[in-house]
Ligand code: ADP
Ligand code: MG
C-alpha cells in the first residue's frame, strides 16, 4: 500500500453510445491508464483532441464509471459498487470539476445564487452558505459582482464564478478540463492565477487539462495521454525534453523548448533544456559566452 491521494489502476473505458453512427465503434477511449497523484500536487494533463483526457477526468470525478480498473481517492475505492449513496455524494463533493464552457456551468440568474447552489444541495445551513459564498467570491475576485447576472459577465468572469461554485463545496481536488480554452488572454491569466493560488495556499490538489504548453510548464508534473494510454509522465523538464516524441503525437513543446531543440538539430551542442522564456534567455547567455556545460 502507498499513500497516494488519487490512485488510478489500469483504467479502461469504452463509450457504448455511438451517437449518429449506426455502427458501434469499440475503440477504447481509455486503455489501461495507471496514474498516482499525491495530495497537494499540481498536475497538468496534455494530449491532442480525442486522446482520452476528459474521459479520465470524468472517471476521477465519478461522472463515468470505468469498464475495468480501480480508482482510489484518499484510500476509498470509488469504483466499489457497494458504496452507499452518502459515501458517493461525499466523494463527489471532494472532487470538483471546471469545464471548458462557463455558460454550461452557471445555473442561476444571480451570481451569489449560482455559487450557493452546490452547498445548498449539501444541506448546509444558510448562515454557513452565506459565508461560503462570500469567501469563495472573494477568493476569485468576484465579490463585487454578487448580485450581477452571470450572463452579462465576460467569459473569464463567468469561469471565476463557476470556480467559486466549486470552492464553496470545499473540495480537496479540482480538475480544470480545458477551463481556459475559451477565454481571452486576461481571463486565462486570471483563471490560471486562481488555480495556482488554490493549490499553493489552500493545498487543493489541482489537475489542469490544457492544450497550452506554457500552462503545463508551470505544473509540478505533466502526464501526456495519447490514444487512451499514458505516453509520458514526469516533471515539465523531463516531458519537454522529448520534443520529437511530442511532435510525433501532434503536440508541441513550449516555444523555448522548441527553439533549443531546433538549435540542437542545427548542430549546436546544448546539454541543458529550457522550458520558459527566462530559462531560455539564461541558457542562450551561457551559450553565447562560451558554451553550455
Ligand atoms: P479528449 O478530452 O482528450 O479530447 P475524450 O476523453 O473526450 O478526449 O475522448 C476520448 C475518445 O472517446 C474520443 O475518441 C472521443 O471521440 C470518444 N468519446 C468521447 N465522448 C464520447 C461520447 N459521449 N460518446 C462516444 N464517444 C465519445
Ligand atoms: Mg476533452
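We did not get these values from a lab; they are worked out from the coordinates using the rules stated. Just so it is clear, the model here is predicted, and its values are computed rather than measured. In this analysis, Cβ positions are derived from the backbone assuming ideal geometry, glycine residues included, and neighbour counts consider all displayed protein chains.
Laid out as a table, the results:
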| item | result |
| --- | --- |
| So residue 118, is it crowded, with 22+ Cβ neighbours inside 10 Å, over 18 Å from the mean Cα position of the chain (by Cα) and on the phi < 0 side of the Ramachandran plot | yes |
| Selected residue (only one of 196, 201 is surrounded by fewer than 19 Cβ atoms within 10 Å (Cβ to Cβ) and without any contact (Cβ under 8 Å) to a residue 60 or more places away in the chain) | 201 |
| Scan of segment 222-244 for residues that are over 25 Å from residue 38 (Cβ atoms) and surrounded by fewer than 16 Cβ atoms within 10 Å (Cβ to Cβ), ordered by number | 244 |
| Residue within segment 233-248 that is part of a strand (DSSP E or B), in contact with a strand residue (DSSP E or B) (Cβ under 8 Å, 6 or more places away or on another chain) and free of Cβ contacts under 8 Å to residues at least 40 places away in the same chain present | yes |
| Pick from segment 34-70, criterion touching a helix residue (DSSP H, G or I) at 6+ places or on another chain (Cβ under 6 Å) and part of a strand (DSSP E or B), ranking: nearest to ligand 2 (Cβ to nearest atom) | 45 |
| Exclusive hit being free of Cβ contacts under 8 Å to residues at least 24 places away in the same chain, away from ligand 1 (no atom under 16 Å from the Cβ) and crowded, with 19+ Cβ neighbours inside 10 Å, set 73, 37, 6, 78 | 78 |
| Where residue 270 falls short, out of the listed (1) surrounded by fewer than 19 Cβ atoms within 10 Å (Cβ to Cβ); (2) assigned to a helix (DSSP H, G or I); (3) free of Cβ contacts under 8 Å to residues at least 24 places away in the same chain | (2) |
